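K.L.:
Would you mind keeping the following structure in view while I ask a few things?
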Amino acid sequence: MPELPEVETVARGLRHAIVGRRIISVSLGKTDFIDDPAALEQHLPGRRIEAVERYGKFMLLRLSAVNGETRIAVNGDASSSLLVHLGMTGQIVPSRAGQPREKHTHVCMLLDDGRELRYTDARRFGRIAYLTKALLAAELTKFGADPLEVSKEQFADRICGRRARIKSLLLDQRVLRGVGNIYADESLWKAKIHPARLGAMLSRKQANKLRLALQGILQKAIVLRGSSISDFLDAEGQPGEYQRHHRVYGREGKGCYRCKTPIRRAIVAGRSSYFCPRCQHSPRGFAVLSLPGKKGRKTKRRRAPTGSGRAPHDEKSQGRKGKSP
Ligand SMILES: [Zn+2]
């Protein structure tokens, strides 16, 4: 799933490619991931894309007021936005209008330079919503601090004293917006903190070490245009490169880059979590999954009792919507 660096990469690409363009018309395919499909068809034509911003794991295409002076903005219609969340497999890429549409293309916005901004999403875990200023403001209050901007004090206040596992806190978008499984594991490894430790058990000094690790990793990942582990592509259709710099994520059984101990995996916060059992001391009694290749999986999976309450959501799990034609 695209996380902060991947979404930032796409947003930067789009900023370069489509800001200043006006939307001429909209055509939709499947719409079950769109909040109000009719609103897109009704409100987008005539609007200019003024800016592309990233907010946590989603993008905001800021739209101009209604085209011309003939239509009057109603219900705070001016300065509305198109929210785009890429979900697991979403891609948004400007293409030449004559170019054949890829499979699973569900939104096409014809631009005034003849190109089409196309949203494709095989699994449709993404989300698209047309939001007026008031609706957007209400939406944004659900999210926590930006990890790149969060101060030492803010971060410690959000983490320390919480009776939830640190991995779960990092993934909770109400605590921090934009962190997902990969960058949570990478930053915990760098800060030498076990993913199953409780926020309450971390000192403010450890919390700050984690904050700095997270910020450094996210910044480096942005420079390398994110991680492409499944099918992430940027706005030019290019994969990212940060996956080559992963230190723990997806490295079960391989030697730790610091101490050579085999990296282990456990389910924390319902997600596969990779860590070094030597560098990242586990809380007492915490079970890990046996290494692949060993007979049977004797070690019990132990899910974190705390967290966002979501169903387990492994990278390999089947999409609930299955494959769409
Ligand atoms: Zn290690």
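K.L.:
Is there a residue being surrounded by fewer than 20 Cβ atoms within 10 Å (Cβ to Cβ) and either among the aromatic types (Phe, Trp, Tyr) or not assigned by TED's automatic domain parsing to the domain that holds residue 32 (or both) anywhere in the range 103-111?
P.N.:
No, every residue in the range 103-111 fails to be surrounded by fewer than 20 Cβ atoms within 10 Å (Cβ to Cβ) and either among the aromatic types (Phe, Trp, Tyr) or not assigned by TED's automatic domain parsing to the domain that holds residue 32 (or both).
K.L.:
Let me ask something else. If I ask for residues that are farther than 25 Å from residue 228 by Cα, of a type outside the set (D, E, K, R) and out of contact with any Asp or Glu (no Cβ under 8 Å at 6 or more places or on another chain), which ones from the range 146-165 would you list?
P.N.:
Passing the criteria: 150, 151, 154, 155, 156, 159, 160, 161.
K.L.:
Looking at 200, 213, 184, can you tell me which residue is aliphatic (A, V, I, L, M) and within 16 Å of the ligand (Cβ to nearest atom)?
P.N.:
Result: 213 is the single residue among 200, 213, 184 that is aliphatic (A, V, I, L, M) and within 16 Å of the ligand (Cβ to nearest atom).
K.L.:
If a residue must be touching a residue at least 24 places away in the same chain (Cβ under 8 Å) and farther than 17 Å from residue 171 by Cα, how many such residues does the range 197-207 contain? First the steps, then the outcome.
P.N.:
From the range 197-207, those touching a residue at least 24 places away in the same chain (Cβ under 8 Å) are 197-204, 207; that's our starting set.
Then drop every residue that is not farther than 17 Å from residue 171 by Cα, which leaves 201, 203-204.
Qualifying residue count, the range 197-207: 3.
K.L.:
Does any residue of the range 184-198 turn out to be assigned to a loop (DSSP other than H, G, I, E, B) and within 27 Å of residue 140 (Cα to Cα)?
P.N.:
no
K.L.:
Would you please list the contacts, defined by Cβ atoms under 9 Å and residues six or more apart or on different chains, that run from a residue in the range 232-244 that is over 13 Å from residue 13 (Cβ atoms) to a residue that is loosely packed, with under 14 Cβ neighbours inside 10 Å and among the aliphatic types (A, V, I, L, M)?
P.N.:
Taking only residues 6 or more apart or on different chains, the pairs are 242/223.
K.L.:
Which residue pairs have Cβ atoms under 8 Å apart, sit 6 or more places apart or on different chains, and have a first residue in the range 277-288 that is of a type in the set (A, V, I, L, M) and a second that is away from the ligand (no atom under 16 Å from the Cβ)?
P.N.:
287/299; 287/300; 287/301; 287/302; 288/299
K.L.:
Next up: Of everything in the range 200-240, what is surrounded by fewer than 16 Cβ atoms within 10 Å (Cβ to Cβ), of a type outside the set (A, V, I, L, M, F, W, C) and modelled with pLDDT of 90 or more? Give them in sequence order.
P.N.:
Within the range 200-240, 203, 204, 205, 216, 219, 220 meet the criteria.
K.L.:
In the range 156-180, what residues are polar (S, T, N, Q) and either within 15 Å of residue 195 (Cβ to Cβ) or not in a loop (DSSP other than H, G, I, E, B) (or both)?
P.N.:
From the range 156-180, those polar (S, T, N, Q) are 168, 173; that's our starting set.
168, the sole residue that qualifies.
K.L.:
Being under 17 Å from residue 3 (Cβ atoms) and out of contact with any strand residue (DSSP E or B) (no Cβ under 7 Å at 6 or more places or on another chain): is that true of residue 135 here? So that I can check it myself, show each step before the final result.
P.N.:
Working: under 17 Å from residue 3 (Cβ atoms): no; out of contact with any strand residue (DSSP E or B) (no Cβ under 7 Å at 6 or more places or on another chain): yes.
Here the answer is no, as residue 135 does not meet what is asked.
K.L.:
Another question, then. Considering only the range 249-272, how many residues are within 14 Å of the ligand (Cβ to nearest atom), among the small types (Gly, Ala, Ser) and either under 19 Å from residue 183 (Cβ atoms) or outside any loop (DSSP other than H, G, I, E, B) (or both)?
P.N.:
1
K.L.:
Which count do you get for residues in the range 273-285 that are away from the ligand (no atom under 12 Å from the Cβ) and basic (Lys, Arg)?
P.N.:
Of the residues in that region, 1 qualify.
K.L.:
If the requirement is being modelled with pLDDT of 90 or more and either surrounded by fewer than 14 Cβ atoms within 10 Å (Cβ to Cβ) or among the polar types (S, T, N, Q) (or both), which of these qualifies: 283, 325?
P.N.:
Going through 283, 325 in turn, the sole match is 283.
K.L.:
Moving to a separate point now. Hey, any hits in the range 146-155 for a residue that's part of a strand (DSSP E or B) and either in contact (Cβ under 8 Å) with a residue 24 or more places away in the chain or more than 16 Å from the ligand (Cβ to nearest atom) (or both)?
P.N.:
no
The values are calculated or read from the model by the stated rules, or taken from the named source; none is laboratory data. For clarity, every value in this text was computed on a predicted model and none was experimentally measured. Quick reminder, even Gly has a Cβ in these numbers, built from the backbone with ideal geometry, and neighbours come from all protein chains shown.
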